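The values are calculated or read from the model by the stated rules, or taken from the named source; none is laboratory data. The structure displayed is predicted, hence computed values, not measured ones. Here the Cβ is made from the backbone with ideal geometry for all residues, glycine too, and neighbour counts use every protein chain on show. These accessible areas exclude ligands, DNA and RNA; they are computed on the full protein's heavy atoms, side chains included. Shrake-Rupley method; radii C 1.70, N 1.55, O 1.52, S 1.80 Å.
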Number of protein chains: 2
Amino acid sequence: MKSNILMLHRSWISRRIILLSIAICFLSFPKIGRSEDGYRLWLRYDLVSNNQLLKEYRTAIKNFLVDGESPTLTIAANELQLGLTGLLGSPIKKITSLSNDGTLIAGTIQSSLLAGIKEKEKLKSMGKEGFLILTTVLQGKKVIVVVANEDIGVLYGVFHFLRLLQTQQSISSINIESKPKINLRLLNHWDNLDRTIERGYAGFSIWDWHKLPDYIDQRYYDYARANASIGINGSVITNVNANALALTPAYLKKFAALADVFRPYGIKVYLTARFSAPMEIGELATADPLDEKVQQWWKEKAKEIYNYIPDFGGFLVKANSEGQPGPQNYKRTHADGANMLADAVKPFHGVVMWRAFVYDNNVPEDRTKQAYNEFKPLDGSFRDNVIVQVKNGPLDFQPREPFHPLFGAMPKTPLMMEFQITQEYLGFSTHLVFLPSLFKEVLDADTYNKGPGSAVAKIIDGSIDQHTLSGIAGVANIGTDRNWCGHPFAQANWYGFGRLAWDHQLTAVDIAQEWTRMTLSNDSEVVKPITSMLLTSRETVVNYMTPLGLHHIMGWSHHYGPGPWVKDKPRADWTAVYYHRADTAGIGFDRTPSGSNAVGQYFPEVEKRFSSLATCPEEYLLWFHHVSWNYKMKSGNTLWNELCYKYSSGIAAVRSMQTTWKSMKDKVDADRYKQVTMLLNVQQQEALQWRNSCLLYFQTFSHQPIPSELEKPEHTLDYYEKLSYPYAPGINPKW
Amino acid sequence: MKSNILMLHRSWISRRIILLSIAICFLSFPKIGRSEDGYRLWLRYDLVSNNQLLKEYRTAIKNFLVDGESPTLTIAANELQLGLTGLLGSPIKKITSLSNDGTLIAGTIQSSLLAGIKEKEKLKSMGKEGFLILTTVLQGKKVIVVVANEDIGVLYGVFHFLRLLQTQQSISSINIESKPKINLRLLNHWDNLDRTIERGYAGFSIWDWHKLPDYIDQRYYDYARANASIGINGSVITNVNANALALTPAYLKKFAALADVFRPYGIKVYLTARFSAPMEIGELATADPLDEKVQQWWKEKAKEIYNYIPDFGGFLVKANSEGQPGPQNYKRTHADGANMLADAVKPFHGVVMWRAFVYDNNVPEDRTKQAYNEFKPLDGSFRDNVIVQVKNGPLDFQPREPFHPLFGAMPKTPLMMEFQITQEYLGFSTHLVFLPSLFKEVLDADTYNKGPGSAVAKIIDGSIDQHTLSGIAGVANIGTDRNWCGHPFAQANWYGFGRLAWDHQLTAVDIAQEWTRMTLSNDSEVVKPITSMLLTSRETVVNYMTPLGLHHIMGWSHHYGPGPWVKDKPRADWTAVYYHRADTAGIGFDRTPSGSNAVGQYFPEVEKRFSSLATCPEEYLLWFHHVSWNYKMKSGNTLWNELCYKYSSGIAAVRSMQTTWKSMKDKVDADRYKQVTMLLNVQQQEALQWRNSCLLYFQTFSHQPIPSELEKPEHTLDYYEKLSYPYAPGINPKW
């Protein structure tokens, strides 16, 4: 920087103009490396476009003061400098002592300046991460105060305050209390040591293992900053299909370097533990969790890790699932395995996140029932630093699934939610889909475990069963692509996950509006149409992929594109026919007592609603029932016709997204306008491919015509079956 | 853009300031997504820092005029707008009719305005790509003219002119004639269809195959622009270890989309041809080049490709080398294979680049002799649209090799140079090494094929043997890393390759200075020290890796780090001991008549010089001779001591690079300063590892001490041998 400033001094440009230009520079210019490439995510800090608000902000914020010193407070100060200068269009000075009205003050309640504020009582209940933002009077000056119990709370408060300006809220009189409802708010990175990402669609891993620990990529800081801005406080940086080498010193040094970068942003590093590591990188002949040598090995390994990373968060484990080793290899239970690791990290306050995503090809049982069958009996047998990580649904991140029956079924065990932000089953990074709608649907679902009002959200935040340990994880959609997530709109899913992890009471609408205002524009002619486009996008994808409760009919292995015809694979439950069960009589998986009776895993009220054809919500119909092609739907259509209309409505909705986006041409930057236009075009083609493939295929069973008013498929079923994606991204090389 | 301009109008910032700010924005600010991240390469166009020159430029260039219309001329106009506005610090207007002195005019000689210039005679000899830049008088106005026979020449001239300003040359009176000495100036991308890059160290492939052809990444335009700026006119976009799937319609559509992007920048797309493709994606039972069905298959395939890409450049082929299929599988010659493909692309004016990099593990012969043995006898038997691509040295891109004996040995066949820009054997992207020094050493080497003065450069530019077809290729070091090449200084190797491909008479000094001025700073306190650092860097790497003619003693398979101890591999010539042949008597590969007699492949003058211990240049000593540990070197040292001093001098040189760079702290931008500081630290550690590993290992043969005044190795040989890089980048998954 200094060199540039010198250059400017030498030049004829006055200091004043330099400073203006700093603000102007935050606007995008069509310049190589200077265009709106999406790298800034939702932290754009462009000049406030509403002049009246701009005036209000400038009056309320003449300068700012950060009381106290620490790496985290330095980050908070830099963020205020950057954000306020950009948003207000002129440099906002950082001062060191309060001298005038219109000062923004940030600090902890221990700081000399804030120790005396009259609202300090409120902080007692705000915990380690919570914060207050208040318009108040201090030393006779009208100020805005961002105050918290700890530095990280101050940083969260600063980001929250900047968000108010970014979304153009009035700040004439602020009185905000905010603290997270869930303790562990984590991203799970399925990143391999060769930088491939299992189910990654935004390039490759941002972790440049080869150059770590000595080369620290700027991107690591920017990653931590983005997460801190939405309250994410942990990152599992290795794949759940784990590699034991990750636990060797060469790699622990690399992880430690990342932990050092993340620490001041309030983010802890977690690792995945390969259960057989004691045999693969230790000298042991077994990995039996009840073997003392094995227990000792893990204790020493934990100690070694904490030497490199003093605030190491703990382990995430995928065991005895999809071929991964685990305690059952030794006739031990998941609890035996989890507890062994829990004992190893306990002295260092680490946790073990044990995944409930387990199924076994030797078990003829309905795959969706296996997690419940294996884990419910273990309720109460886990150590207090173990939390069981459960996917949102009983199968595997489908466009729509009913909530997982384990939620509410293990009251003595803290359960943690696992969402998938990366779009493994939702069109990778070429389909626009706003996932907070899906997240909310699950969080709001009522388990009835303590009677009505026992929402899944209350299970995972620990409030219903009084657990102090609570958590939520999202499988990241982050990669080396310049815009982080591949699709400019996929950033909204990272953002939305973080916001819901902090406060699951936020609505999808809140999040859609916030994100649109911060990332695209505050222009109401953008906010209104884009918000409604976001909010309908998830139902749209469900309609052209898997309407009415259909599931797992995607392409084999890579899960891209339609594959309802997939059969004859190593495992029955890796095929499509296993799930849709289409025949001449009808279609759908009977999970009622006459079938697999998966409904029996839910609490009676839910079980009752799902079991009966009459009361089962139609969006879950084919999930729970095998239904005749001529079954009358609520609409009055037969099931077959309804299926045709649903699939067709999906295309119509994508086309209307294209129309909406066209109208944004002069309202958003040219770069992202062009990108999204291309991507929506791809989505439209593929939605059509989905619709035509599925209808032509299911028609071979229904033997009924597609209603004549609907568009005819362009090609034959044979054509669609032959389409292939030999190098579709996101497949783990070892698969 | 439009939306931003509107926003600005609504705001209080005057139009004037907006325009200033556009210029100022080209300076780097420490802002997320706005910092000096290296993406702009050498095309930074920052404000000219020399005020006197700035005044001169502003007088000479008040506005500019591009006479004519075409996609290429539009690119030229945009580049002038961008470059002049940035360099001169205020917007330079594009005008449509000449009205004043101080106008820059660009166009072809066919354009109405330039048809009449008095210097038009000169253009007769400038060819399709050449250009003139002249200070002249037109319609009574003093103007600067960039004129060429074709649009692409105009674009090249525009980039050349902007370079003059970027490097702060006087333009008071310009008279420049420039045209390329070599026709085909290509990058070879060893990029796989899964986006891994064989020998890629800057991330992964920038070709996002999954999203192509419908999603066009901005990076494709920026890639083409950067190449056009240095005159590169072709790109082989797939790996020489080829995949037949690349020749199927699904991929041809993707390649066509890239070709459409590259075309206006004067860049043709080339593909690698998998020799066995007729069997793998055709229905044929053989790939025998003399089989009519096979010949027909390739003719139809070529026709199909040209339907997608009308200006397709042709094929690059690696056959019967390292396990790749080829004509010899059918007892045919390389000429049979090359000619079959040549006949297929001939009707469309395509070329075939057939690689001479061949060796066979069933041949006990010295690997460095095999290419010559196989290809020399074929001289004269290739079609006129075949060019044989020869690596710079007879082995494989070592830090130093003697020039390849095939240069000059096949007068009836056009030979094309293959350099490796990516640093497979030179520390990947963590070591700073300026390769134009290596390129020049080879280009200037005298083959003596027509007596003294028969430099390699004159062989490959076709001047010595009167070939109209000529070419030079560089294996690209480009990847998804934000700064394109991984190491900020590695950009200089891409740049330098392009500049030498255009004009091999440029010196390494010219190129080092140009690049430094364009990419870092014109401050003489930067240019002088950085230039000399660049110019010594290659010898530095040779000294700490493979001094005195040592070669191929790198780590097994990934070639990262030292591996002099590597032995017992599937092939002898994939081990280190095969090459250094260290024993108690001495070290080195005897390639004189008493050994493999590889020297016999050179012309007598060269052979004589290399064969005799007395006259063999010491930098090639152990390449050609097995030498006693106590042999007296010119320095007076024994070979063993000389080896110790050479390795140690390598470390010393790296440490002095660190000192030089430290002194740049306030003279270059903070971002790259930090990056290079970290990377030089890695290089220093690894140089030391190289030196210690090799000396400790060779000491087990020499049984002599390391001179006491030299630093002692920190660790034992055993320690170094145990170091491993399990997931070193750049290894093709299928290897």
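From the list B:Ala115, B:Ala76, B:Ala106, pick out the single residue that is in contact (Cβ under 8 Å) with a residue 60 or more places away in the chain and either open to solvent by 10 Å² or more (accessible area, probe 1.4 Å) or under 21 Å from B:Arg225 (Cα atoms) (or both).
B:Ala76
Scanning for something open to solvent by less than 40 Å² (accessible area, probe 1.4 Å), touching a Ser or Thr at 6+ places or on another chain (Cβ under 7 Å) and more than 16 Å from B:Glu401 (Cα to Cα), does segment B:583-590 turn up at least one residue?
Yes: segment B:583-590 contains one or more residues that are open to solvent by less than 40 Å² (accessible area, probe 1.4 Å), touching a Ser or Thr at 6+ places or on another chain (Cβ under 7 Å) and more than 16 Å from B:Glu401 (Cα to Cα).
Looking at the structure I just gave you, is A:Val682 among the β-branched types (Val, Ile, Thr), outside any helix (DSSP H, G or I) and under 30 Å from A:Val526 (Cα atoms)?
no
Would you kindly identify the helices (runs of 4 or more DSSP H) lying entirely within segment A:589-664 that contain at least 2 residues that are free of Cβ contacts under 8 Å to residues at least 12 places away in the same chain?
By residue number, A:604-611, A:639-662.
Which residue pairs have Cβ atoms closer than 7 Å, lie 6 or more positions apart in sequence or on different chains, and pair a first residue in segment A:177-191 that is within 19 Å of A:Val158 (Cα to Cα) with a second residue that is of a type in the set (Lys, Arg) and surrounded by fewer than 22 Cβ atoms within 10 Å (Cβ to Cβ)?
From segment A:177-191, the pairs are A:Glu177/A:Lys122.
From B:Val269, B:Val240, grab the single residue that is in contact (Cβ under 8 Å) with a residue 60 or more places away in the chain and either open to solvent by less than 10 Å² (accessible area, probe 1.4 Å) or of a type in the set (Lys, Arg) (or both).
B:Val240
Residue under question is A:Ile387, and the condition is that it be part of a strand (DSSP E or B), in contact with a Phe, Trp or Tyr (Cβ under 9 Å, 6 or more places away or on another chain) and of a type in the set (A, V, I, L, M, F, W, C); does it hold?
The answer is yes for A:Ile387.
Limited to segment B:542-559, what total is found for residues that are of a type in the set (Phe, Trp, Tyr) and open to solvent by less than 10 Å² (accessible area, probe 1.4 Å)?
Of the residues in segment B:542-559, 1 are of a type in the set (Phe, Trp, Tyr) and open to solvent by less than 10 Å² (accessible area, probe 1.4 Å).
For the condition in contact with a strand residue (DSSP E or B) (Cβ under 7 Å, 6 or more places away or on another chain) and at pLDDT 95 or above, what is the one hit in A:Arg355, A:Arg383?
The match here is A:Arg355.
Given the structure, is B:Gly153 surrounded by 21 or more Cβ atoms within 10 Å (Cβ to Cβ), touching an Asp or Glu at 6+ places or on another chain (Cβ under 8 Å) and under 26 Å from B:Ala244 (Cα atoms)?
In short, no.
Among the residues of segment A:659-677, are any out of contact with any helix residue (DSSP H, G or I) (no Cβ under 7 Å at 6 or more places or on another chain), more than 21 Å from A:Lys712 (Cβ to Cβ) and either away from chain B (no Cβ under 14 Å) or at pLDDT below 95 (or both)?
Looking for residues that are out of contact with any helix residue (DSSP H, G or I) (no Cβ under 7 Å at 6 or more places or on another chain), more than 21 Å from A:Lys712 (Cβ to Cβ) and either away from chain B (no Cβ under 14 Å) or at pLDDT below 95 (or both), one finds at least one in segment A:659-677, hence yes.
Answer yes or no as to whether A:Gly600 is within 26 Å of A:Asn361 (Cα to Cα) and in the same structural domain as A:Tyr697 (by TED's automatic domain parsing).
It is false that A:Gly600 is within 26 Å of A:Asn361 (Cα to Cα) and in the same structural domain as A:Tyr697 (by TED's automatic domain parsing).
With the structure loaded, tell me whether A:Gln689 is assigned to a loop (DSSP other than H, G, I, E, B) and open to solvent by 10 Å² or more (accessible area, probe 1.4 Å) or whether it fails that test.
No.
How many of the residues making up segment B:214-224 are open to solvent by less than 40 Å² (accessible area, probe 1.4 Å), out of contact with any helix residue (DSSP H, G or I) (no Cβ under 6 Å at 6 or more places or on another chain) and facing chain A (nearest Cβ under 9 Å)?
Residues meeting the conditions: 3.
Please enumerate the residues belonging to segment A:272-308 that are of a type in the set (Lys, Arg), crowded, with 19+ Cβ neighbours inside 10 Å and assigned to a helix (DSSP H, G or I).
Once the filter is applied, which keeps residues that are of a type in the set (Lys, Arg), crowded, with 19+ Cβ neighbours inside 10 Å and assigned to a helix (DSSP H, G or I), segment A:272-308 yields only A:Lys301.
Which of the numbered conditions does A:Arg400 fail, given that it passes all the others? Conditions: (1) open to solvent by 10 Å² or more (accessible area, probe 1.4 Å); (2) not in a loop (DSSP other than H, G, I, E, B).
Condition (2) is where A:Arg400 drops out.
Please enumerate the residues belonging to segment B:228-258 that are within 13 Å of chain A (Cβ to nearest Cβ), assigned to a loop (DSSP other than H, G, I, E, B) and farther than 12 Å from B:Ile305 by Cα.
B:Thr238, B:Asn239, B:Asn243 - these are the residues of segment B:228-258 that are within 13 Å of chain A (Cβ to nearest Cβ), assigned to a loop (DSSP other than H, G, I, E, B) and farther than 12 Å from B:Ile305 by Cα.
What are the pairs, 6+ residues apart or on separate chains, where a residue within segment B:306-334 that is in contact (Cβ under 8 Å) with a residue 40 or more places away in the chain and closer than 20 Å to B:Val351 by Cα has its Cβ under 6 Å from a residue that is aromatic (Phe, Trp, Tyr) and open to solvent by 20 Å² or more (accessible area, probe 1.4 Å)?
That search, which allows pairs on different chains as well, returns B:Tyr306/B:Phe348.
Look through B:Ser70, B:Ser49 and report the one residue that is touching a residue at least 40 places away in the same chain (Cβ under 8 Å), surrounded by fewer than 20 Cβ atoms within 10 Å (Cβ to Cβ) and within 11 Å of chain A (Cβ to nearest Cβ).
Residue meeting the stated conditions: B:Ser49.
When segment A:393-412 is examined, which residues are found to be more than 21 Å from A:Ala338 (Cβ to Cβ) and in contact with a strand residue (DSSP E or B) (Cβ under 6 Å, 6 or more places away or on another chain)?
Within segment A:393-412, A:Phe397 is the sole residue that qualifies.
Return the only residue of B:Phe375, B:Phe348 being in contact with a strand residue (DSSP E or B) (Cβ under 9 Å, 6 or more places away or on another chain), over 30 Å from B:Phe428 (Cβ atoms), among the aromatic types (Phe, Trp, Tyr) and open to solvent by less than 10 Å² (accessible area, probe 1.4 Å).
Result of the check over B:Phe375, B:Phe348: B:Phe375.
Need the failing condition index for A:Thr507 against (1) touching a Pro at 6+ places or on another chain (Cβ under 8 Å); (2) among the hydroxyl-bearing types (Ser, Thr, Tyr); (3) surrounded by fewer than 20 Cβ atoms within 10 Å (Cβ to Cβ), just the number.
Result: A:Thr507 fails condition (1) only.
Out of all the residues in segment A:420-453, which are outside any loop (DSSP other than H, G, I, E, B) and more than 30 Å from B:Tyr215 (Cβ to Cβ)?
A:Val442, A:Leu443, A:Asp444, A:Asp446, A:Asn449, A:Gly451 - these are the residues of segment A:420-453 that are outside any loop (DSSP other than H, G, I, E, B) and more than 30 Å from B:Tyr215 (Cβ to Cβ).
Before we move on, is A:Arg195 in the same structural domain as A:Gly486 (by TED's automatic domain parsing), closer than 30 Å to A:Leu316 by Cα and open to solvent by 20 Å² or more (accessible area, probe 1.4 Å)?
So A:Arg195 passes the test.
Out of A:Asp573, A:Asp568, report the one residue that is at pLDDT below 95, surrounded by fewer than 17 Cβ atoms within 10 Å (Cβ to Cβ) and not assigned by TED's automatic domain parsing to the domain that holds A:Asn362.
A:Asp568
Can you tell me which condition A:Lys211 does not meet? The list is (1) within 10 Å of chain B (Cβ to nearest Cβ); (2) in a helix (DSSP H, G or I), and all the others hold.
With (1) within 10 Å of chain B (Cβ to nearest Cβ); (2) in a helix (DSSP H, G or I) applied to A:Lys211, the lone miss is (2).
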